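Take a look at the structure set out below.
Read-outs: derived from the displayed coordinates by stated rules, not from any lab. What you see is a predicted model; the values in this text were computed from it and never measured. Quick reminder, even Gly has a Cβ in these numbers, built from the backbone with ideal geometry, and neighbours come from all protein chains shown.
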Amino acid sequence: MPKKKYRAGTASIIGLPNAGKSTLLNALVGEKLAIVTAKAQTTRTSLNGVWTGAEAQIVFVDTPGIHKSDNVFNQRMMRTVRSAMESIDVLVYVFDATRFVNDEVKQAIDLVKKAEVPAILVLNKIDAVKEKEKLLALIEAFRELHGFAAYIPLSAKKGEGLDELRAAIVEHLPNGPAIYPEDHITEVPSRYLAAEMIRERILILARQEVPHSVAVLVDTWEETSKLTRISATIYVERPGQKSIIVGSGGAMIKAIGTSARLQLEKFFQTKIFLELFVKVKPDWRSQPEFLNELDWRKMVGGESDA
């Protein structure tokens, strides 16, 4: 039998907030690259993760949830979504199968139609759907909205249906050599991944009105053979939010630091010394210069060949 030609290409993952896009990316790649919380708009920019198989390589691109862009910060996130839909081979639209098709979904599908590439519908979170016939009804509802190339029910959380999704994507990839080396996972700098892991701990531990008002920047990154020293600043918009992050007697910032350090050590497979600071930067979400600093594409140092 003649050997199959190798395929390689890019698949962008889009969908409404909390559809499970980041969980899906992590499951497909086999590494926790994107942070995951129950809060909407946890993902703020696109990042890629690479899966390499014997006969194909897929570069997945995770994106922020599709939402109304009513301020500078949200407009920037939606530009990220649209940018991730350019120069790709396949679009993966992720839908929370516990929800119903409404006007918000229909508007999102209008965005899918503009991509002009094969689109695959993923019905995620099927582990939470007790009445499986609902999945058939959802598929029919989506058929009426758009002619998807494939309809894949799966559970990113349980790891069910991932092989079927990869196979459906590979069918639409062009023939060609791998884009990245076999052991490559992402082009995102290590310092950005570290900042995101710290932010994830904040979103989980500081459950009050902080989430969308918090940003994290890694200030210094020093590596030795036995230890990596990381200094990072947590930015918030109001003094009251700083008080929440710091906590009574510094208890909250200590808990965030300990939890984040354990996550960092697990991911980077080295001992981490983590130093955290908290600063108030009023209205940072409306400051393009600061938002540029948060963009991983503009970061230097702490690079990784992950």
Contact order relative to length of the range 7-170, as percent, for alpha carbon pairs under 8 angstrom and 6 or more apart = 25 percent
ask   = Across the range 11-25, in residue order, what do the Karplus-derived ³J(HN,Hα) couplings come to in whole Hz, using 6.51 cos²θ - 1.76 cosθ + 1.60 with θ = phi - 60° and x for Gly and Pro?
value = 10, 8, 9, 10, x, 6, x, 6, 7, x, 5, 5, 4, 5, 4
query = Sorted from fewest to most neighbouring beta carbons within 10 Å, what does the list Thr258, Thr43 look like?
reply = Thr258, Thr43
request  = Mind listing the long-range amide H neighbours of Val216? Cut-off is under 5 Å, sequence gap 5 or more, other chains count too, H placed in the peptide plane at 1.01 Å from N.
outcome  = Tyr235
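Using 0.36 nm times the number of residues separating Arg238 and Lys130, minus their current alpha carbon distance, what extension gain do you get? Can you show the working numbers first?
Numbers: separation 108, 0.36 × 108 = 38.88 nm, distance 4.34 nm.
Residue separation times 0.36 nm, minus the Cα-Cα distance, leaves 34.5 nm.
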key: Top positive-direction residue, dipole computed over the chain with Cβ charges, set Gly159, Ile253, Thr270   = Ile253
task = State, to one decimal in nm, how far the label point of Ile204 lies from the label point of Ser248, with both points 7 Å from Cα in the Cβ direction.
result = 2.4 nm
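Want the number for Glu86 to Ala167: 0.36 nm per residue separation, take away the alpha-carbon distance, what's left?
Additional length available on full extension: 27.0 nm.
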inquiry  = For Glu187, what residues show an amide H to amide H distance below 5 Å, using hydrogens built from the backbone and excluding near sequence neighbours?
reply    = Asn48
Global form of the range 148-249, assessed from the alpha-carbon gyration tensor, a/c cut-off 1.5 = oblate
ask   = Say R0 is 51 Å: what FRET efficiency, to the nearest 0.05, do Leu111 and Lys281 get from their beta-carbon distance?
value = 0.95
inquiry  = Classify the range 190-298 from the C-alpha gyration tensor, please: rounded if a/c falls under 1.5, else prolate or oblate depending on whether a/b exceeds b/c.
reply    = oblate
remark   = Ranked from fewest to most other Cβ atoms within 10 Å of their own Cβ, Ser259, Ser190 fall in the order Ser259, Ser190
ask   = Taking θ as phi - 60°, what are the ³J(HN,Hα) couplings along the range 164-172 by the Karplus curve (6.51, -1.76, 1.60), each to the nearest whole Hz, with x for Gly and Pro?
value = 4, 5, 4, 4, 5, 5, 4, 4, 9
query = What ³J(HN,Hα) values, in whole Hz, does the Karplus curve 6.51 cos²θ - 1.76 cosθ + 1.60 give for the range 258-268 when θ = phi - 60°, with x put for Gly and Pro?
reply = 5, 5, 5, 4, 5, 5, 5, 5, 5, 6, 8
query = Non-local amide H neighbours of Ile66 (under 5 Å, H modeled in plane, Pro and chain starts lacking H): which ones?
reply = Gly15, Leu16
query = Can you list the chymotrypsin sites (Phe, Trp or Tyr not before Pro) in the range 89-190 that are in a DSSP coil and have 15 or fewer other beta carbons within 10 angstrom?
reply = Phe100
Computed label-point distance, nm, for sites Thr224 and Glu289 using a 7 Å Cα→Cβ extension = 3.6 nm
